[in-house]
Amino acid sequence: MTGQKKKTTIVLFSGDYDKAMAAYIIANGAAAYDHEVTIFHTFWGLNALRKDESMKPKKGFLEKMFAKMMPRGADKMGLSNMNFAGMGPKMIKHVIKKHNAMTLPQLIEMAQEQDIRLAACTMTMDLLGLQQEELLDNIEYAGVAAYLADAEDGNVNLFI
Amino acid sequence: MTGQKKKTTIVLFSGDYDKAMAAYIIANGAAAYDHEVTIFHTFWGLNALRKDESMKPKKGFLEKMFAKMMPRGADKMGLSNMNFAGMGPKMIKHVIKKHNAMTLPQLIEMAQEQDIRLAACTMTMDLLGLQQEELLDNIEYAGVAAYLADAEDGNVNLFI
Amino acid sequence: MTGQKKKTTIVLFSGDYDKAMAAYIIANGAAAYDHEVTIFHTFWGLNALRKDESMKPKKGFLEKMFAKMMPRGADKMGLSNMNFAGMGPKMIKHVIKKHNAMTLPQLIEMAQEQDIRLAACTMTMDLLGLQQEELLDNIEYAGVAAYLADAEDGNVNLFI
């Protein structure tokens, strides 16, 4: 094992702002401690990778509905707890600003600067009707096989 | 370690259709890659193992209430997100069909065919008043000790 | 590796009574099997460590609101599922009593007796405006670096 990097692999399933923050804080911390880090975004976690702009790729009816109902990017996500019709996220963003902490979009940017691999699960992209042009640039597209290949040698594996 | 199989051990705590899907997709994938795989169903995750038929085992009042309020089997479970009074699961099942993906009951069947060990947590069965006759056949009954014995040698440990 | 203790490291992110129960049951089990166990409490999971008494530390407006809205200690937390405006937790506590199982406050006490390390994430304490005097005595204060140092050698790592 000498000379080999430690590995952190996170499945981000949740579309909640606070859970995604936790995932990216751990990921950025692990990268800072020289881990090889991958975040696999699946199901609602894919929303963290959506671009902010309104794109109109050709979609079927159900896919259009999902696209409409799901938050468009990290900044639009709700909280897992005390969401209060959207007031919760505003409170969190206020306290983040006040304490000079990083917002979710800033944490994602930092992850990209630290060469954390951001992967989008192609199977759930299909299910939810998300297309590559709707997601951030410079991410990877992967399936469960790629996830397992990573995770089976991982030191820290989390499902968030 | 040579010759030893890799191990994936998942605690399925959640009773959400989408989270259970994620658990079973990872489990089936791991089994396909020759991992030894166990899913420990605890709390609301036990609902994935409930039989579809209405059974009437003798129960106390609280246990009857839990039994009534909890979904009867994998096909009846709600979504963790955008459940919309039950509309969300219908949408997910539509897109699953459309994309020729597998439904949760099909994923559970596949897991059984791949010899994934499905275990039910006896302590939480007690708490929620679930009896063995209400759950699928060919599953195991286990406690936290059995879980830990599995997980402590696991390559991939997840709590879902 | 001979002579070294196995290690279980849990991130408790959730503020739900049932999820915290699951975390503490696994943790107490692992300690009984001689693992070195740490629970890192972050975000809503910090509420499990709040003292029951009403304290009035000097706080800003947002911090006061969070403090008001968040449950004051383990006994006040809601369920992740079937919370029914607080009826769910009562039902769970009834069945816990009936089956001679342990409540969450009892599980936390047992964890402290078993020398499980209970750590509070200082970064999210800041965000939510929680102060040390509001949390249980004899806990540790830590950040993501301490978490990773623990988790990277862990046998069982879970995010709950």
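Mind listing just one residue for me: the one in the stretch A:132-160 that is in a helix (DSSP H, G or I) and surrounded by fewer than 19 Cβ atoms within 10 Å (Cβ to Cβ) and, of those, farthest from the other protein chains (Cβ to nearest Cβ)?
My answer is A:133.
Just one of B:77, B:55, B:65 is free of Cβ contacts under 8 Å to residues at least 40 places away in the same chain and more than 18 Å from residue B:154 (Cα to Cα); which is it?
Values: B:77 fails: free of Cβ contacts under 8 Å to residues at least 40 places away in the same chain; B:55 fails: free of Cβ contacts under 8 Å to residues at least 40 places away in the same chain.
Going through B:77, B:55, B:65 in turn, the sole match is B:65.
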| List pairs: first in the stretch C:3-26 and of a type in the set (S, T, N, Q), second open to solvent by 30 Å² or more (accessible area, probe 1.4 Å) and part of a loop (DSSP other than H, G, I, E, B), Cβ under 7 Å, 6+ apart or cross-chain? | C:8/C:155; C:14/C:80
| task | Report whether or not residue C:52 is open to solvent by 10 Å² or more (accessible area, probe 1.4 Å) and away from chain B (no Cβ under 14 Å). | result | yes
| request: Please give the number of the condition residue A:142 fails out of (1) at pLDDT below 95; (2) in contact with a Cys (Cβ under 8 Å, 6 or more places away or on another chain). | output: (1)
| request: State the number of residues belonging to the stretch A:89-120 that are within 9 Å of another protein chain (Cβ to nearest Cβ) and open to solvent by less than 60 Å² (accessible area, probe 1.4 Å). | output: 5
| message | Go through (1) over 20 Å from residue A:13 (Cβ atoms); (2) in contact with a Gly (Cβ under 6 Å, 6 or more places away or on another chain) for residue B:47 and report which single condition fails. | response | (1)
| request: Could you list, in sequence order, all residues of the stretch A:1-21 that are open to solvent by 10 Å² or more (accessible area, probe 1.4 Å) and within 8 Å of chain C (Cβ to nearest Cβ)? | output: A:6, A:19
| said: Filter the stretch B:15-54 down to the residues that are at pLDDT below 95, touching a helix residue (DSSP H, G or I) at 6+ places or on another chain (Cβ under 9 Å) and small (Gly, Ala, Ser) and list them by number. | reply: B:15
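Which of the helices (runs of 4 or more DSSP H) contained wholly in the stretch B:87-131 include at least 1 residues that are closer than 29 Å to residue B:7 by Cα and polar (S, T, N, Q)?
Working: elements: B:87-98, B:104-113, B:122-128.
Output list reads B:104-113, B:122-128.
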| said: Step by step: first the residues of the stretch C:29-44, then only those that are closer than 21 Å to residue C:121 by Cα and within 13 Å of chain B (Cβ to nearest Cβ), then the one that is most open to solvent (accessible area, probe 1.4 Å). Which residue is that? | reply: C:36
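The values are calculated or read from the model by the stated rules, or taken from the named source; none is laboratory data. From a predicted model like this one, the values you see are computed outputs, not experimental measurements. Backbone-built Cβ (ideal geometry, glycine too); neighbour counts: all protein chains shown. Note: accessible area is taken over every heavy atom of the protein model, side chains too, but ligands, DNA and RNA are not part of it. Shrake-Rupley method; radii C 1.70, N 1.55, O 1.52, S 1.80 Å.
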